[in-house]
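Asks: Pasting in a structure now, in structure tokens, and then I'll have a few things to ask.
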Amino acid sequence: MQLIDNFNFAGKKAIVRVDFNVPLNKETGEVSDDTRIRGALPTIKKIIADGGCAILMSHMGKPKNVDAHAGDPKFSLKQIVPAIEKYLGKIQFAPDCAAASEQAKNLKMGEILLLENLRYYPEEEGKPRGIEKDDPAYEDAKKAMKDSQKKFAKTLASYADVYVNDAFGTAHRKHASTAVIADSFDEANKMFGFLINKEVEAMDKVLKSAQKPFTAIMGGAKVSDKINIINNLLDRVDNLIIGGGMTYTFIKAMGGKIGNSLCEEDRLDVAKEVLAKAKAKGVNLLLPVDAVNADKFDKDANAKVSKTDETPDGWMGLDIADESIKKFSEVIAKSKTVLWNGPMGVFEFDKFAKGTSAIAQAVAKATQENGAFSLIGGGDSVAAINKNKLADKVSYVSTGGGAMLEYMEGKVLPGIAAIRGDK
């Protein structure tokens with residue numbers, strides 16, 4: 001596999017899949033968080049410094065109008081040009097990603113071209129639109145779209161000599177720009193960018209060479225969202241901490257009283273199976289023992305603490321409480337590897353954010369004081385780390401989201417396989 005560190009881009013045009021699906025201010029249209037832009041800078045700067053030129057491609061949002069010449073302007077990547085130029089100087093913009101051959105051809109070494117939103121074309125995702133799956137014509141439409149997707153990918157590939165994938169957040173999608181395009185380049189001329197390399201290295205360190213004790217912290221609302229990653233981790237971890245809304249599916253499965261707390265009634269057997277597997281494999285599975293309850297799902301709700309399995313009628317658990325924080329923090333403090341995905345409570349409500357923030361502090365402390373390797377992923381977990389200004393106190397904060405989850409579940413990611421040849 002070609003490595004970007006060893007590649008010389010001098011005299012070459014590189015088409016780079018970045019993830020510039022950044023949040024925008026609804027009123028001004030300006031970029032409100034440029035983390036993803038900054039994440040791609042090392043790869044772009046390497047290409048330019050070597051004496052090459054960079055053609056950047058990305059999606060933004062999920063535009064419903066997919067006419068390339070009349071795409072919804074609120075999804076246009078033209079809006080983010082100033083945010084990119086802040087770091088890279090003047091760049092060019094191609095208003096149609098599938099009709100940029102002349103601009104790409106005329107691009108001089110050292111220059112940067114940004115293509116318009118890939119998702120203005122349905123061929124990017126490769127799924128037929130405007131036709132339901134139960135329509136008899138759907139399968140024919142699906143086949144036709146796959147053929148169109150290959151042509152679209154070849155068009156994008158024709159702009160450059162080299163393909164670089166640096167968008168881990170979309171690596172779990174078999175899209176034209178993330179996987180199919182790689183077929184147009186030989187092994188010597190396709191590679192990961194620095195960002196994907198760091199993501200994969202961090203996850204492989206956790207999945208394949210974790211130091212013991214290994215603790216995984218799984219939060220979030222539903223068991224169904226996390227069951228695959230939990231099952232994959234049960235063969236690897238020493239400790240599994242469960243938090244968030246899915247706590248109560250486990251508590252009810254164990255016969256506890258959960259009041260109005262969130263519960264997946266159709267996943268009670270699954271929760272029981274996880275508990276049994278953990279016991280059989282010698283995994284220390286920890287559930288919250290106490291909780292901060294609310295009388296309604298509201299940021300200003302009344303709150304009181306109870307044992308997790310003694311939630312009062314009419315109340316719902318929205319955060320872990322002090323005894324659980326202490327119990328979890330003690331386990332985290334002794335860990336050498338920590339994986340954290342998902343909040344401990346309704347983190348968006350300040351009144352119910354204490355547990356998630358406390359776990360963020362505990363993970364950072366284990367990293368700094370115990371030399372643990374800590375990998376953080378998932379929107380609320382990352383938000384908690386950032387809110388507490390701890391991003392530089394943990395080992396790695398993943399940009400992946402869904403891609404990280406699928407990788408941790410043991411799935412092959414099309415965007416990774418297209419370069420690395422995973423099976």
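Asks: Provide Rg over Rh for the stretch 17-137; use the alpha carbon set for both Rg and the Kirkwood Rh (inverse mean inverse pair distance).
Replies: Across the stretch 17-137, the Cα-based Rg/Rh ratio is 1.02.
Asks: Separate question: I need the phi-derived Karplus couplings for the stretch 307-319: 6.51 cos²θ - 1.76 cosθ + 1.60, θ = phi - 60°, integer Hz, Gly and Pro marked x.
Replies: So the Karplus estimates, Gly and Pro as x, are 5, 4, 8, 10, 5, x, 4, x, 10, 9, x, 10, 6 Hz.
Asks: Right, something else. Taking the Cβ of Gly314 as the centre, find all other residues whose Cβ is under 15 Å away and add up their charges (Lys, Arg: +1; Asp, Glu: -1).
Replies: -1
Asks: Quick check on the exposure proxy: order Arg17, Arg129, Arg119 from fewest to most C-beta atoms within 10 angstrom.
Replies: Arg129, Arg119, Arg17
Asks: Report, for the stretch 240-317, the % of DSSP beta bridges that are antiparallel, rounded to 5.
Replies: 70
Asks: I'd like the Karplus ³J(HN,Hα) series for the stretch 43-52: coefficients 6.51, -1.76, 1.60, θ = phi - 60°, whole numbers in Hz, and an x wherever there's a Gly or Pro.
Replies: Listing the rounded values in order: 5, 4, 5, 5, 4, 5, 4, 6, x, x Hz.
Asks: Let me ask another. Taking H placed 1.01 Å from N in the peptide plane, check which residues at least 5 places from Ala303 or on another chain put their amide H under 5 Å from its amide H.
Replies: none
Asks: Given the pairs Lys272/Lys351; Lys307/Lys327; Lys151/Lys174, which are separated by over 19 angstrom at their Cα positions?
Replies: Cα-Cα > 19 Å for Lys272/Lys351; rest within.
Asks: Could you grab the relative contact order for the chain? Cα pairs under 8 Å, six or more apart, rounded to a whole percent.
Replies: 15
Asks: With r defined as the distance between the Cβ atoms of Thr35 and Val81 and R0 fixed at 25 Å, what FRET efficiency is calculated, to the nearest 0.05?
Replies: Once rounded, the FRET efficiency stands at 0.90.
Asks: Amide H neighbours of Leu286 under 5 Å, at least 5 residues apart or on other chains, H built in the peptide plane: list them.
Replies: Close amide H contacts, sequence-distant or interchain: Leu240, Ile241, Ile242.
Asks: Still on this structure: Going by C-beta contacts inside 10 Å, put Lys150, Lys62, Lys387 in order with the fewest on the left.
Replies: Sorted ascending by nearby Cβ count, the order is Lys62, Lys387, Lys150.
Asks: Right, here's the next one. Using only alpha carbon pairs under 8 Å that are at least six residues apart, calculate the relative contact order of the stretch 200-408 and give it in whole percent. Present the calculation step by step, with values, prior to reporting the outcome.
Replies: Working: 450 pairs, mean separation 45.5, N = 209.
22 percent.
Asks: Please identify, among Glu199, Glu348, Glu102, the residue showing maximal mean-square fluctuation in a Gaussian network model of the chain using a 10 angstrom Cα cutoff.
Replies: In this elastic network of the chain, the residue with the biggest mean-square fluctuation among Glu199, Glu348, Glu102 is Glu102.
Asks: I've got another one for you. Determine, from the Cβ-Cβ distance of Ser158 and Ala188 and an R0 of 25 Å, the FRET efficiency 1/(1 + (r/R0)^6), rounded to the nearest 0.05.
Replies: Numbers: r = 18 Å, r/R0 = 0.72.
E(calc), rounded to 0.05, equals 0.85.
Asks: Within the stretch 200-408, what percent of beta bridges assigned by DSSP are antiparallel, to the nearest 5?
Replies: Bridges in the stretch 200-408 are about 30 percent antiparallel.
Asks: Shifting gears a bit: Please compute the alpha carbon radius of gyration of the chain, then divide it by the globular-protein estimate 2.2 N^0.38 Å. Two decimals is fine.
Replies: Compactness ratio reported: 1.07.
Asks: 5 Å is the cut-off here: which amide hydrogens, built 1.01 Å from N in the peptide plane, fall below it relative to Lys257, excluding neighbours closer than 5 in sequence?
Replies: Under 5 Å from the amide H of Lys257: Glu310, Thr311.
Asks: Shifting gears a bit: What percent does the relative contact order of the stretch 94-239 come to when contacts are Cα pairs within less than 8 Å and at least six residues apart?
Replies: Reported as a whole number, the value is 18 percent.
Asks: Taking θ as phi - 60°, what are the ³J(HN,Hα) couplings along the stretch 240-246 by the Karplus curve (6.51, -1.76, 1.60), each to the nearest whole Hz, with x for Gly and Pro?
Replies: 10, 9, 10, x, x, x, 5
Asks: Would you list Met145, Met218 from fewest to most Cβ contacts within 10 Å?
Replies: On the way: Met145 19, Met218 23.
Lowest to highest Cβ neighbour count: Met145, Met218.
Asks: If the elastic network links every pair of Cα atoms under 10 Å, which of Asn25, Asn117, Asn231 fluctuates the most in the Gaussian network model of the chain?
Replies: Asn25
Asks: Another question about this same structure. Between Ala276, Ala171, Ala104, find the one with the highest GNM mean-square fluctuation for the chain; connect C-alpha pairs within less than 10 Å.
Replies: Ala276
Asks: How many percent of DSSP beta bridges within the chain run antiparallel, rounded to 5?
Replies: Bridges in the chain are about 20 percent antiparallel.
Asks: Would you compute the Debye intensity of the stretch 200-408 from its alpha-carbon atoms alone, equal scatterers and no solvent, and pass along log10 I(q)/I(0) at q = 0.08, 0.09, 0.12, 0.15 Å⁻¹ to two decimals?
Replies: Calculated log10 I(q)/I(0) at the listed q: -0.24, -0.30, -0.54, -0.87.
Asks: Then there's this: Loop only by DSSP, 16 or fewer other Cβ within 10 Å of the Cβ. Give me the chymotrypsin sites (Phe, Trp or Tyr not before Pro) in the stretch 244-327 that pass, ordered by residue number.
Replies: Of the chymotrypsin sites (Phe, Trp or Tyr not before Pro), the ones in loops of the stretch 244-327 whose Cβ has at most 16 other Cβ atoms within 10 Å are Phe297.
Laboratory data are not the source of any read-out in this text; all were calculated from the coordinates shown. As the structure is a computational prediction, the values presented were derived from the model and not from experiment. Don't worry about glycine lacking a Cβ; one is built from the backbone with ideal geometry, like all the others, and counts go over all protein chains shown.
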